[in-house]
Amino acid sequence: MSILKVMFLSVFLCTFAQAENLYLIVYKEQNLKKLQSLKGKNLNQYLRNQTRVNERQLFSNSRAQISDKKSLWILNATLIRASSSQAQTFYQFSNVAGILPMGKTIRLSVGNFEPLAKDNSLYTYGLVKIGLPQLRTQYVGLEGRGVRVGVIDTGILLRHPDFENRIIKFRDFVNSRPLAYDDHGHGTHVAGTVAGSNKSGRWIGVAPGAELIIAKSFNSRGNTVDADLLLSLQWMADPDNNPETDDGAHIVNNSWNTEEPTLKRDPALDPFCAIIPRLKALNVLPVFAAGNDGPRENTLTPPAACPDSLSVGATDQDDRIADFSSRGPVKWVNQMVNKPDLSAPGKGVNSADLGSQYRTRSGTSMASPHVAGALAIFKQLRPDLNASQLESLIKLSVQDLGPTGFDYQYGFGRLDLMKGIQFLEQQ
Ligand SMILES: [Ca+2]
Ligand SMILES: [Ca+2]
């Protein structure tokens, strides 16, 4: 046997013996003060530069040959595919803070389908509940125009009449196809509640003027891996990968959760919890469905369960909290967090479906996009508001329900656009 053949065989056996997995190498922060002082474009550049320097130090000096690596600059980190012994070797570098195993399958909680009640109203019940018809009469043209809303989901039906010419960016993290599509249906329904129009004869979306940035991150069975969701969130902050151009989403809807229990974990070590404040500092406000694991308490999971999340529970046509809606508080190993933040219609929501059709679905997946759309309305009205200011505003844009004040079912209350408008007018 030639030396080349022996080498080939041993490499082959080595690879075979050591299964490769995904790991997240997180680097040490060199200058925490500087990091916290930067915003927007400057922060984007700083994060990219420090990650580039860290990656150079690692991969030009490491003997482990890693061919599959992706920069997760937003977290000063790199995703690698490697064997566990290869991953271990990176601990010897002084700039490495930690190595997290990744690659967990994340499944969409698709909720239930409901029979479509005969209803000839001009607006879905959800839009009526949150005060949209009233807002439309007072503010003509307030439809989320000029606001970019991201949706991380199963994609979107490109030719659905309710989204005509408003899908401005699409990226397929599943099959790398260039044109927008949805081979599941969940994403099209969610996007319909954010930004669908009235091509069915009835308004289904809160912000039918908003521009859509679509990440297809879940496959046709509604599955993905954690790493792709982190990459999708990062992509939303800077889709063209150029800090000089301001093309990021202002708001991102996330109708999914990791289903990772919090009780024995520290949110500081959860990459989904770490990415939320970074996104806000880059002026991207992510919104998360609370989850469909109610009615027991402590049923939110990351990212909704993270201290910095904006999380949304689901209500029904009679303003009752839905049974399935995940309840707070969130118990982490070292702290308790008040969640959800607010609630919105999520039971029996009619919206867009595949085949240019419409259907009714239930879940906090349907509640979160009502809030994302409302944020687009506020952003059009007050383009000067940054992500954190929009977040404060939406928590005031509620009607208190259930026990007086904040509670673990409704959060601060059910979304009410007019409450936010009143607050802005009084300022
Ligand atoms: Ca850019
Ligand atoms: Ca209450």
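The values are calculated or read from the model by the stated rules, or taken from the named source; none is laboratory data. Everything quoted here is computed from the prediction, not taken from an experiment. Glycine gets a Cβ as well: all are built from the backbone with ideal geometry, and neighbour counts include every protein chain shown.
Side notes on the structure shown:
- Any chance ASN175 is of a type in the set (S, T, N, Q) and over 30 Å from VAL330 (Cβ atoms): yes
- Filter result for LEU269 (more than 16 Å from ligand 2 (Cβ to nearest atom), hydrophobic (A, V, I, L, M, F, W, C) and within 15 Å of the chain's Cα centre (by Cα)): no
- Tally, over the range 121-144, of residues that are in contact with a helix residue (DSSP H, G or I) (Cβ under 9 Å, 6 or more places away or on another chain), among the polar types (S, T, N, Q) and surrounded by fewer than 16 Cβ atoms within 10 Å (Cβ to Cβ): 3
- For the residues ASN54, ASN42, ASN21, the requirement of being modelled with pLDDT of 90 or more, surrounded by fewer than 18 Cβ atoms within 10 Å (Cβ to Cβ) and either in a helix (DSSP H, G or I) or within 16 Å of ligand 1 (Cβ to nearest atom) (or both) singles out ASN42.
- The condition of being within 16 Å of ligand 1 (Cβ to nearest atom), under 28 Å from GLY98 (Cβ atoms), among the basic types (Lys, Arg) and at pLDDT 95 or above does not hold for ARG265.
- The single condition among (1) crowded, with 20+ Cβ neighbours inside 10 Å; (2) closer than 29 Å to ASN21 by Cα that ASP183 does not meet is (1).
- Residue check for LEU390: of a type in the set (A, V, I, L, M), modelled with pLDDT of 95 or more, in contact with a helix residue (DSSP H, G or I) (Cβ under 7 Å, 6 or more places away or on another chain) and away from ligand 2 (no atom under 16 Å from the Cβ): yes
- When SER392, SER388, SER365 are checked against the criterion of being surrounded by fewer than 21 Cβ atoms within 10 Å (Cβ to Cβ), touching a residue at least 60 places away in the same chain (Cβ under 8 Å) and either away from ligand 1 (no atom under 16 Å from the Cβ) or not assigned by TED's automatic domain parsing to the domain that holds GLY141 (or both), a single residue qualifies: SER388.
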